[in-house]
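A.B. asks: Got a structure here, written out as structure tokens. Questions coming.
The values are calculated or read from the model by the stated rules, or taken from the named source; none is laboratory data. The structure displayed is predicted, hence computed values, not measured ones. Don't worry about glycine lacking a Cβ; one is built from the backbone with ideal geometry, like all the others, and counts go over all protein chains shown.
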Protein chains: 2
Amino acid sequence: MEKVNVAVLGATGAVGRTMIRVLQERHFPMRSLKLLASPHSVGKVIDLGSKSGVVEEFSVAALKDVDLVFGAVDNDLATEYAPLIRRSGALFVDNSSAFRLDPDVPLVIPEINARDIRWHHGIVANPNCATILAMMALSPILKLTPITRMIVSTYQAVSGAGMKGMDELERQIRDPSAAPEVFPFPIAFNVIPQIGEFDEAGISSEEWKMQNEGRRILHEASLQVCCTCVRVPVYRCHSESIYVETHDAVSLQTIRQAAEDCSGIILNEAPYPTPKECTDSDIVMIGRLRRDGACENGLHLWCCCDQLRKGAATNAVQIGEWAWQNGLLKKGV
Amino acid sequence: MEKVNVAVLGATGAVGRTMIRVLQERHFPMRSLKLLASPHSVGKVIDLGSKSGVVEEFSVAALKDVDLVFGAVDNDLATEYAPLIRRSGALFVDNSSAFRLDPDVPLVIPEINARDIRWHHGIVANPNCATILAMMALSPILKLTPITRMIVSTYQAVSGAGMKGMDELERQIRDPSAAPEVFPFPIAFNVIPQIGEFDEAGISSEEWKMQNEGRRILHEASLQVCCTCVRVPVYRCHSESIYVETHDAVSLQTIRQAAEDCSGIILNEAPYPTPKECTDSDIVMIGRLRRDGACENGLHLWCCCDQLRKGAATNAVQIGEWAWQNGLLKKGV
């Protein structure tokens, strides 16, 4: 198969930079790599390992010959640029939340529903990072029985707010009186039970994502998920405490066996994963698997993954790999 | 009523020092205050505000004339000293977990089950800090209907491991390569889903406490609680994400009204409490009250309190106050 002309849109942000690194590490079959961004980042120089690249302004002309665009920009820019990318014939793998609930756009975690990439119409959406972690952690269970209900409390890293989130934690650790700018309260030596804005029922936008996106990824329209999404002073790895109810009863031993056949995860029960050790890894680590005392089909588990890698960049690159391997890039390949 | 001769046992630790401060702040009716500890702390000088006190060795002779002993020592010392305190005729309000499940010892949160102090036989146990926080946060609901089931994920401060826990966080913030001594993994920029030791079912000693102690405090022998107890890099305030099922359906509005009549708590929904702002307060702060999507009688909430104060020292001092006010100190008063 021919190699691919790739562009990373939003190349200067935390996710964009990680996409570039992951593309190189996984030896993505690139003929060329174009670094694109909005006007205010144009001209910035990005380290590409052996060489460096200069950021170009996003434009229709810049998309000429590009087969695959990885998007790491916010919803507004993604919405603005998506029709142009689509028209150019390139596939847009978008990490924003702009298209995640669009019935015309597949929402994909390759280990779970890669086949949904087949029906793309120019855009494939990358799920929310907390959703990717939860669904990957449940993937051994999903091989055995459908899940009906989840209650999730998250421990989310500051990288979820991009480089400015990581900078704010670092600044407040050095100077605890430094005023919060990115987060609604100080994050150093604190935890904040808010990610995104609240609706009238008091549920945050981040908390809705796991149910809304989970239903699409699993093709389970009645899945019930209640989350409490909490920011913690960890740099880049998310953790989650998950309670899940399954349709059929499954033994812990069966789940442990199923986990051995699942790619992208490791069940670590000796003793359990922490976010620190999962940083800079593509693996979703699972631990603390145990039964619930009240509900026969209830299980508890703990999981961690690097928010910037499998929670964002790596998942997007995997979508691109699968599309390329299955001849689903429209142009040039 | 006559004033009381008080002793603090374990006066040099984080909880012991906070007990001394809380006794002074609340103007506990003390005739005298004796500072007791195990032999290795004898001679240490403790700041008592206007003056200072010298730590004496615990002994039967030292208990002469003491009416009330607040215990802030570990289980082994509490178990060793308790019979001696009992025999001396003083009331022992013990913060260790040694006697919490002893059917002969009341386990008390004064706002919830103060009347259990009436049947004490020389010892009243102070509950686990995470249990105090959860039960206080649920106190408005408990006024309306029994609770049947809880799923709790905690965000517990390092002060739960005493001063050495706080020192370890501070040391690792300064030097991220500093090896963990108190906690099983590095705690700076990390979260650790283990507090206490695990049993064969993979449940930690801390995670059992909320069910075992909750059943005794609420007199609900069938209460089902499943916890995931997690240490976070916060200095001294615990937070919890609680899912609770009630026996009868109650509206959020009814709970909000009930909260106004509960002492020791504040419902803060504008927007929610964080552990940082609850530090050094005796108030349990509650927020994020909302309905569950799957279970009609299911509710979610978030809560925070200072682990050293209401989670330990203040609750113990309140027990002492209630015992004194109700003539339940055996000696001298």
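A.B. asks: Could we say that B:Val158 is touching a residue at least 60 places away in the same chain (Cβ under 8 Å), in the same structural domain as B:Gln253 (by TED's automatic domain parsing), β-branched (Val, Ile, Thr) and touching a Phe, Trp or Tyr at 6+ places or on another chain (Cβ under 7 Å) here?
C.D. replies: So B:Val158 fits the description; yes.
A.B. asks: Would you pick out the residues in the stretch B:176-202 that are at pLDDT below 95 and closer than 15 Å to A:Val234 by Cβ?
C.D. replies: Answer for the stretch B:176-202, where residues must be at pLDDT below 95 and closer than 15 Å to A:Val234 by Cβ: just B:Pro176.
A.B. asks: Just checking, does the stretch A:215-231 include any residue being out of contact with any Lys or Arg (no Cβ under 9 Å at 6 or more places or on another chain) and free of Cβ contacts under 8 Å to residues at least 24 places away in the same chain?
C.D. replies: So the first thing to find is which residues in the stretch A:215-231 are out of contact with any Lys or Arg (no Cβ under 9 Å at 6 or more places or on another chain), and the list is A:215, A:217-220, A:230-231.
Subset that is free of Cβ contacts under 8 Å to residues at least 24 places away in the same chain: A:215.
So far as the stretch A:215-231 goes, yes, one or more of its residues are out of contact with any Lys or Arg (no Cβ under 9 Å at 6 or more places or on another chain) and free of Cβ contacts under 8 Å to residues at least 24 places away in the same chain.
A.B. asks: Can you give me the ranges of the strands (runs of 3 or more DSSP E) entirely in the stretch A:90-173 with at least 1 residues that are more than 14 Å from chain B (Cβ to nearest Cβ) and either under 30 Å from B:Gln156 (Cβ atoms) or touching a strand residue (DSSP E or B) at 6+ places or on another chain (Cβ under 9 Å) (or both)?
C.D. replies: A:91-94, A:123-125
A.B. asks: Within the bounds of the stretch A:60-71, is there any residue that is in contact with a helix residue (DSSP H, G or I) (Cβ under 7 Å, 6 or more places away or on another chain), buried (at least 17 other Cβ atoms within 10 Å of the Cβ), modelled with pLDDT of 95 or more and assigned to a helix (DSSP H, G or I)?
C.D. replies: yes
Conditions tested, residue by residue: (1) touching a strand residue (DSSP E or B) at 6+ places or on another chain (Cβ under 8 Å); (2) assigned to a strand (DSSP E or B); (3) outside the structural domain of A:Ser88 (by TED's automatic domain parsing).
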{"residue": "A:Val8", "(1), (2), (3)": "yes, yes, no"}
{"residue": "A:Arg17", "(1), (2), (3)": "yes, no, no"}
{"residue": "A:Ile20", "(1), (2), (3)": "yes, no, no"}
{"residue": "A:His27", "(1), (2), (3)": "no, no, no"}
{"residue": "A:Leu33", "(1), (2), (3)": "yes, yes, no"}
{"residue": "A:Gly43", "(1), (2), (3)": "yes, no, no"}
{"residue": "A:Gly53", "(1), (2), (3)": "yes, yes, no"}
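A.B. asks: Count, please, the residues in the stretch B:174-217 that happen to be more than 10 Å from every other protein chain (Cβ to nearest Cβ) and either part of a strand (DSSP E or B) or of a type in the set (A, V, I, L, M) (or both).
C.D. replies: Within the stretch B:174-217, residues that are more than 10 Å from every other protein chain (Cβ to nearest Cβ) and either part of a strand (DSSP E or B) or of a type in the set (A, V, I, L, M) (or both) number 6.
A.B. asks: Further question: Being buried (at least 24 other Cβ atoms within 10 Å of the Cβ) and among the aromatic types (Phe, Trp, Tyr) is the filter here, so list the residues in the stretch B:82-130 that pass it.
C.D. replies: The answer is B:Phe92, and nothing else.
A.B. asks: Related question: Answer yes if at least one residue in the stretch B:189-204 is touching a residue at least 12 places away in the same chain (Cβ under 8 Å), touching a Leu at 6+ places or on another chain (Cβ under 9 Å) and of a type in the set (Val, Ile, Thr), and no otherwise.
C.D. replies: No: zero hits.
A.B. asks: Here's a follow-up. Identify all residues within the stretch A:269-285 that are within 16 Å of B:Ser204 (Cα to Cα), more than 7 Å from chain B (Cβ to nearest Cβ) and surrounded by fewer than 22 Cβ atoms within 10 Å (Cβ to Cβ); write none if there are none.
C.D. replies: The answer is A:Glu269, A:Ala270.
A.B. asks: Mind checking which residues of the stretch B:292-326 are in contact (Cβ under 8 Å) with a residue 40 or more places away in the chain, in a loop (DSSP other than H, G, I, E, B) and of a type outside the set (A, V, I, L, M, F, W, C)?
C.D. replies: B:Asp292, B:Glu296, B:Asn297, B:Gln307, B:Asn326
A.B. asks: Taking B:Ala179 and the conditions (1) surrounded by 15 or more Cβ atoms within 10 Å (Cβ to Cβ); (2) more than 27 Å from A:Ala294 (Cβ to Cβ); (3) not β-branched (Val, Ile, Thr), which numbered condition does it fall short on, given that it satisfies the others?
C.D. replies: Condition not satisfied by B:Ala179: (1).
A.B. asks: Follow-up question, since we're still on this one. Filter the stretch B:268-297 down to the residues that are within 25 Å of A:Val225 (Cβ to Cβ) and under 21 Å from the mean Cα position of the chain (by Cα) and list them by number.
C.D. replies: Within the stretch B:268-297, B:Pro273, B:Thr274, B:Ile286, B:Gly287 qualify.
Residues are listed down the side, and each one gets a yes or a no for (1) assigned to a strand (DSSP E or B); (2) more than 10 Å from chain B (Cβ to nearest Cβ); (3) within 24 Å of A:Lys209 (Cα to Cα):
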{"site": "A:Val234", "(1), (2), (3)": "no, no, yes"}
{"site": "A:Ser241", "(1), (2), (3)": "yes, no, yes"}
{"site": "A:Gly287", "(1), (2), (3)": "yes, no, yes"}
{"site": "A:Arg290", "(1), (2), (3)": "yes, no, no"}
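A.B. asks: Which of the residues belonging to the stretch A:9-37 are more than 22 Å from the chain's Cα centre (by Cα) and among the hydroxyl-bearing types (Ser, Thr, Tyr)?
C.D. replies: A:Ser32
A.B. asks: When you look at B:Asp47, is it modelled with pLDDT under 95, within 18 Å of B:Ala313 (Cβ to Cβ), of a type in the set (Asp, Glu) and surrounded by fewer than 19 Cβ atoms within 10 Å (Cβ to Cβ), yes or no?
C.D. replies: For B:Asp47, the condition - modelled with pLDDT under 95, within 18 Å of B:Ala313 (Cβ to Cβ), of a type in the set (Asp, Glu) and surrounded by fewer than 19 Cβ atoms within 10 Å (Cβ to Cβ) - is met.
A.B. asks: Considering only residues that are surrounded by fewer than 20 Cβ atoms within 10 Å (Cβ to Cβ) and among the polar types (S, T, N, Q), look in the stretch A:13-35 and name the one that is nearest to A:Trp322 (Cα to Cα).
C.D. replies: A:Gln24
A.B. asks: Would you mind telling me which numbered condition in (1) part of a helix (DSSP H, G or I); (2) closer than 30 Å to A:Val6 by Cα; (3) within 14 Å of chain B (Cβ to nearest Cβ) A:Ile255 fails?
C.D. replies: The number of the failed condition is (2).
A.B. asks: Considering only residues that are of a type in the set (D, E, K, R) and more than 11 Å from the chain's Cα centre (by Cα), look in the stretch B:298-333 and name the one that is modelled with the lowest pLDDT.
C.D. replies: That would be B:Lys331.
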